[in-house]
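The values are calculated or read from the model by the stated rules, or taken from the named source; none is laboratory data. Everything quoted here is computed from the prediction, not taken from an experiment. Using ideal geometry, Cβ is built from the backbone for each residue, glycine included, and neighbour counts are taken over all protein chains shown. All accessible areas refer to the heavy atoms of the entire protein, side chains included, with ligands and DNA or RNA removed. Shrake-Rupley method; radii C 1.70, N 1.55, O 1.52, S 1.80 Å.
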Amino acid sequence: MSVSISTFASEEDDALAKAQAQMNAEVLSKPFLAERPKEVDSYIKSMLEKNVKPAEYSGSYWRPGYTCRDLLRHNWTQYRNCRYYHRYHGRYYY
């Protein structure tokens, strides 16, 4: 009994399509958080004008070696606050 090449190719195509559909579902299930630079710059400008000192980081996503952009995949507000903290202090969180 022999398996034709076209049957094997069809099974492989089906497996690839299933894997692609699963990967697409995983990607789409995560929120997309855009940087929105104008909004961040406006926030930083307003906070600097009010002379508000940025708070130390109190979330759970920050890791040594991260930049503010690393927070963007988790939480836009933490990203924005990190950008303000970095602008104010000239360094990232500890």
**Request:** Taking residue 32 as meeting all but one of (1) out of contact with any Phe, Trp or Tyr (no Cβ under 9 Å at 6 or more places or on another chain); (2) open to solvent by less than 80 Å² (accessible area, probe 1.4 Å); (3) not β-branched (Val, Ile, Thr), write down the number of the exception.
**Result:** (2)
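Here is a check on your reading of the model: is residue 43 free of Cβ contacts under 8 Å to residues at least 60 places away in the same chain, touching an Asp or Glu at 6+ places or on another chain (Cβ under 8 Å) and surrounded by 10 or more Cβ atoms within 10 Å (Cβ to Cβ)?
On the way: free of Cβ contacts under 8 Å to residues at least 60 places away in the same chain: yes; touching an Asp or Glu at 6+ places or on another chain (Cβ under 8 Å): no; surrounded by 10 or more Cβ atoms within 10 Å (Cβ to Cβ): yes.
No: the conditions fail for residue 43.
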**Which listed residue is hydrophobic (A, V, I, L, M, F, W, C), assigned to a helix (DSSP H, G or I) and either more than 18 Å from the chain's Cα centre (by Cα) or at pLDDT below 95 (or both), from 21, 34, 55** = 21
**Prompt:** Scanning segment 46-68 for residues that are touching a Lys or Arg at 6+ places or on another chain (Cβ under 9 Å) and open to solvent by 60 Å² or more (accessible area, probe 1.4 Å), which turns out farthest from residue 93 (Cα to Cα)?
**Reply:** 48
**Item:** Qualifying positions in segment 69-94 - open to solvent by 70 Å² or more (accessible area, probe 1.4 Å), among the aromatic types (Phe, Trp, Tyr) and either within 21 Å of residue 37 (Cβ to Cβ) or not in a loop (DSSP other than H, G, I, E, B) (or both)
**Value:** 88, 92
